[in-house]
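The values are calculated or read from the model by the stated rules, or taken from the named source; none is laboratory data. Here the structure is a predicted model, which is why all the values come from computation and not from measurement. Methodologically, a virtual Cβ is constructed for each residue, glycine included, from the backbone with ideal geometry; neighbour enumeration extends over all protein chains shown.
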Amino acid sequence: AQSVTQPDIHITVSEGASLELRCNYSYGATPYLFWYVQSPGQGLQLLLKYFSGDTLVQGIKGFEAEFKRSQSSFNLRKPSVHWSDAAEYFCAVGARAGNMLTFGGGTRLMVKP
Amino acid sequence: GAGVSQSPSNKVTEKGKDVELRCDPISGHTALYWYRQRLGQGLEFLIYFQGNSAPDKSGLPSDRFSAERTGESVSTLTIQRTQQEDSAVYLCASSLQGGTRLVEQYFGPGTRLTVT
C-alpha cells in the first residue's frame, strides 16, 4: 500500500524568504506525485504534478518540486514566499494502475510580514 | 469552464439523523471520487466511480456510508444515523479517464458536516 509523510505540520517563514516543504512517499514503483494547496474555506487546488521525465517540475504560482527516487521524496520549493501563499499544502501519491490518491497529513504554512 | 460543485457548503445535523451530500462533477469527467477530511488531517479516500463500472467502495468506513452516481453526472453521498465522529469536510473530485488523466483530480470546495 502506498503512503505519504509530510514531516512538518507547521512552518513559518518571512515574506520574501525561500520555502521548502518536505514530502516522502512509500510506493513499490514510480508513482504519480502531486502537490495541492488548500486556502481557508476552499477546496484543493493542484499546484503541480509529476508523472515521468524531467524530475524537476514547475507549477503554478512560482512553485516547483523535485522528484528524487533515491530518497523517495518530492519536496516543494519556492524561491520567494508571498503573504498570499499562507495556506495548507498537501502532497499526494497516485498509483499508476489505480485511481484514488493517498494524501499526506498536510503542512500549514504561515507567512510573517 | 465550471469546476466541481458541492452542496450544501455547510450542514449541521443532530446525532442519529441521516444526511445527503451532493456533488456535480466537471462536465465530461467520467471519474468521480469522494474523500473525507477530518479537522487538521489529510484526506481519506472513501469511494470512486468510473463510468459504468462497479464503484470502488474500499474506503467507506462503515455500512452507514453509501454513495450513488447517476451515469456520468451527479453523485450523492449518504450518511445514515450520523455520529459525532462523522464531523468532517467531505470533498468530491472528478477526473477524465485514460492514462495519466485518470489520476489528475479536480476538487470541489467541500461540504462541512457538523454532527451535534
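Annotation note: Cβ proximity below 9 Å between a residue of segment A:2-14 that is surrounded by fewer than 16 Cβ atoms within 10 Å (Cβ to Cβ) and a residue that is hydroxyl-bearing (S, T, Y) and part of a loop (DSSP other than H, G, I, E, B) (sequence gap 6+ or interchain) occurs for A:S3/A:Y27.
Taking the conditions (1) without any contact (Cβ under 8 Å) to a residue 24 or more places away in the chain; (2) more than 13 Å from the chain's Cα centre (by Cα) in turn, B:F65 satisfies each one other than (2). All of A:F103, A:F74, A:F90, A:F63 fail the test of being under 19 Å from B:L91 (Cα atoms), at pLDDT 95 or above and of a type outside the set (V, I, T), apart from A:F90. In this structure, does B:T114 turn out to be among the β-branched types (V, I, T) and within 27 Å of A:L33 (Cα to Cα)? For B:T114, the condition - among the β-branched types (V, I, T) and within 27 Å of A:L33 (Cα to Cα) - is not met.
Among residues of segment B:31-49 being more than 9 Å from every other protein chain (Cβ to nearest Cβ) and not in a strand (DSSP E or B), the one that is surrounded by the fewest Cβ atoms within 10 Å (Cβ to Cβ) is B:L39. Selection within segment A:71-104: residues that are on the phi < 0 side of the Ramachandran plot and among the hydroxyl-bearing types (S, T, Y). The member of this set that is nearest to the other protein chains (Cβ to nearest Cβ) is A:T102. B:S66 passes every criterion in (1) surrounded by 13 or more Cβ atoms within 10 Å (Cβ to Cβ); (2) within 14 Å of B:R112 (Cα to Cα) apart from (2).
If I filter segment B:27-46 for residues that are among the acidic types (D, E) and free of Cβ contacts under 8 Å to residues at least 12 places away in the same chain, do I get at least one hit?
no
Restricting segment A:49-71 to residues that are under 20 Å from A:L109 (Cα atoms) and in contact (Cβ under 8 Å) with a residue 24 or more places away in the chain, the residue that is surrounded by the most Cβ atoms within 10 Å (Cβ to Cβ) is A:A65.
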